[in-house]
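J.: Here it is: the structure, laid out below.
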Amino acid sequence: MTSITRPASAISVPALAAAPSSDESLIKRIASGDKLAMQVFYARHHVRVFRFVVRIVHDESMAEDLISEVFLDAWRQADRFEGRSAVSTWLMSIARFKALAARRRRTDAELDDKSVATIADPADDPAVTLEKKNQSELLRHALTKLSAEHREIIDLVYYHQQSVDETAQVLGIRGRHREDPHVLRA
């Protein structure tokens, strides 16, 4: 019995991203120069990395540029991945470094939170708009009470489903504090 196989070029990248290939095996393939593995890796992780970066830099255009740099670094450094953490943790660490560096470099003026909050969604009625504004103000006020590091922890744990250990690795927390989950709790 003969089986029909499709050439690799006929298989879509989203279909490959859903394939059971582990991130670790993709990194090994990327390290050997496998472009298809890089496409799969990008398809699997780019949305999550983009969302993480945009929360740090508050600029979608800059975030798009930065994720290109992040995945280029992943391509270039794949052979140096040591497996001491999950591949996704390693990738988020690269993204965090790039985003923080870009945020420090940024000199252009940006909208402050109050200006952004005044832009109403035209689909909302006045009651919904008022409720969203009040909720947004309460949340913004609560988050301003936290340090930048704690806001970043909340972002990694609650929005990116990173474990406490993975969050510690991304943030570079080492030593006795890393084993104490209370350190990472805001």
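The values are calculated or read from the model by the stated rules, or taken from the named source; none is laboratory data. Everything quoted here is computed from the prediction, not taken from an experiment. All Cβ positions, even for glycine, are placed from backbone atoms using ideal geometry, and neighbour counts span all protein chains on display.
J.: Assuming Asp121 fulfils every condition listed in (1) at pLDDT below 90; (2) more than 29 Å from Gln135 (Cβ to Cβ) apart from one, which condition is it?
T.: (2)
J.: How about region 156-182: which of its residues are more than 22 Å from Phe50 (Cβ to Cβ) and at pLDDT below 70?
T.: Passing the criteria: Gly175, Arg176, His177, Arg178, Glu179, Asp180, Pro181, His182.
J.: Scan region 32-52 for residues that are buried (at least 20 other Cβ atoms within 10 Å of the Cβ) and of a type in the set (Lys, Arg) and jot them down.
T.: Within region 32-52, just Arg44 meets the criteria.
J.: Does Ser136 satisfy the condition of being modelled with pLDDT of 75 or more and either of a type outside the set (Phe, Trp, Tyr) or under 19 Å from Val54 (Cβ atoms) (or both)?
T.: no
J.: Then there is this: Would you mind finding the one in Val40, Val54, Val70 that is within 19 Å of the chain's Cα centre (by Cα), at pLDDT 80 or above and more than 21 Å from Glu166 (Cβ to Cβ)?
T.: One residue alone meets the criteria, Val40.
J.: Residue check: is Ile153 modelled with pLDDT under 85, of a type in the set (A, V, I, L, M, F, W, C) and surrounded by 13 or more Cβ atoms within 10 Å (Cβ to Cβ)?
T.: yes
J.: How do the pairs read when you match residues in region 166-181 that are of a type outside the set (A, V, I, L, M, F, W, C) and crowded, with 17+ Cβ neighbours inside 10 Å with residues anywhere that are modelled with pLDDT under 60 and in a helix (DSSP H, G or I), using Cβ under 7 Å and keeping only pairs 6 or more apart or on different chains?
T.: Thr167/Leu184
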